[in-house]
Amino acid sequence: MDLSIVIVNYQTFELTRDTINSILKYDYSFNYEILVVDNASSDDSLSRLQDYFKDKQVKFIASIENNGFAAGNNQAIAIAKGRYVLLLNSDTVVWENTLNDIYEYMEKHRDVGAAGCRVLLENCELDKACKRSFPNVKNSFFRLFHVPTKSKDDNYNLDDLPDDEIYEIDCLTGAFMFIRKDALNQVGLLDETFFMYGEDIDLCFRIKKAGWKIIYYGKSKITHLKGASSKKQKSKLIYEFYRAMYIYYKKHHAHESFFITNIVVYFGIFVLCVLKLFLNLFKKKD
């Protein structure tokens with residue numbers, strides 16, 4: 001098996017169906033399998049998906065409980081047969097030639113541990129999470145408080161780099177991560193301490209630390225229907241976003257920082273989380 005495509009479904013029948021169909025509609029130069037993990041959906045999306053794709057090359061895994069996005073992906077990765085694993089969000093649409101292009105690039109560049117593509121939002125703007133630097137105290141401060149910077153070292157979203165070219169970066173988005181299985185075998189699976197944010201950054205950090213390259217392949221695209229339905233976020237999502245910040249910093253940076261710096265960072269994350277939750281109360285749903 002060349003490629004194992006992993007998709008986590010949670011009560012999104014239509015979106016997951018469309019994502020899978022966007023894969024099946026094209027021909028490929030490699031063989032592949034599609035593994036769909038249902039994260040204990042409380043609706044009938046799993047049974048509907050199973051019925052819809054009953055004659056297709058789609059395998060379903062039903063989780064007994066929802067332990068998060070990382071845990072869901074890990075269930076499929078554990079049984080994936082491919083030499084490569086593609087982590088693909090259930091709210092994406094894969095464009096023609098995207099998988100072929102990145103597969104061929106990975107085949108030619110054996111030092112690349114993971115690659116991503118250009119990710120476009122529904123309005124055709126770039127999803128900036130698809131090409132990033134690793135977060136640190138300085139660039140996170142500039143980003144969170146919208147402080148402009150001319151320093152490339154502090155440019156978290158790499159806005160100074162072209163969107164349609166190919167180059168090495170630090171971090172991809174978990175919406176599309178084309179990973180060499182050998183790299184995963186070396187660094188381990190997704191960290192299940194992260195529930196639904198931060199696991200992609202953590203995995204990229206470990207892949208690069210192990211000596212592999214991470215590539216942004218901007219010549220190929222997917223569409224990510226990210227946050228298209230509502231301006232008002234669920235409190236759980238906001239909490240998990242800032243919780244992921246805390247986990248990532250504590251895991252990768254706290255040991256190399258001064259005690260006072262750590263206290264300031266943890267307090268800052270707490271304040272931002274509380275503020276965001278408070279402001280979210282006054283936002284209206286679309």
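The values are calculated or read from the model by the stated rules, or taken from the named source; none is laboratory data. Small disclaimer: the values here were computed from a predicted structure and weren't measured. Heads up, the Cβs are rebuilt from the backbone with ideal geometry, glycines too, and the neighbour counts pull from every protein chain shown.
Brief remarks on what is shown
Quick grid of which residues meet (1) touching a strand residue (DSSP E or B) at 6+ places or on another chain (Cβ under 9 Å); (2) over 22 Å from Thr19 (Cβ atoms); (3) at pLDDT 95 or above:
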residue: Cys171; (1), (2), (3): yes, yes, yes
residue: Met177; (1), (2), (3): yes, no, yes
residue: Lys181; (1), (2), (3): yes, no, yes
residue: Gln186; (1), (2), (3): yes, yes, yes
residue: Asp191; (1), (2), (3): no, yes, no
residue: Leu203; (1), (2), (3): yes, no, yes
residue: Arg206; (1), (2), (3): no, yes, yes
residue: Gly211; (1), (2), (3): yes, yes, yes
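- Strands (runs of 3 or more DSSP E) fully within segment 1-73 that include at least 3 residues being within 24 Å of Cys204 (Cα to Cα): 3-9, 32-38.
- Residues of segment 113-131 satisfying the condition of being crowded, with 24+ Cβ neighbours inside 10 Å and out of contact with any helix residue (DSSP H, G or I) (no Cβ under 6 Å at 6 or more places or on another chain): Cys130, Lys131
- The single condition among (1) modelled with pLDDT under 95; (2) surrounded by fewer than 21 Cβ atoms within 10 Å (Cβ to Cβ); (3) under 20 Å from the mean Cα position of the chain (by Cα); (4) not β-branched (Val, Ile, Thr) that Arg17 does not satisfy is (1).
- Residue within segment 54-73 that is more than 10 Å from Val37 (Cβ to Cβ), among the basic types (Lys, Arg) and surrounded by 15 or more Cβ atoms within 10 Å (Cβ to Cβ) present: no
- Entry remark, segment 74-117: residues being closer than 23 Å to Thr223 by Cα, assigned to a helix (DSSP H, G or I) and of a type in the set (S, T, N, Q) number 2 in total.
- Entry remark, segment 170-204: residues being out of contact with any helix residue (DSSP H, G or I) (no Cβ under 6 Å at 6 or more places or on another chain) and surrounded by fewer than 20 Cβ atoms within 10 Å (Cβ to Cβ) number 6 in total.
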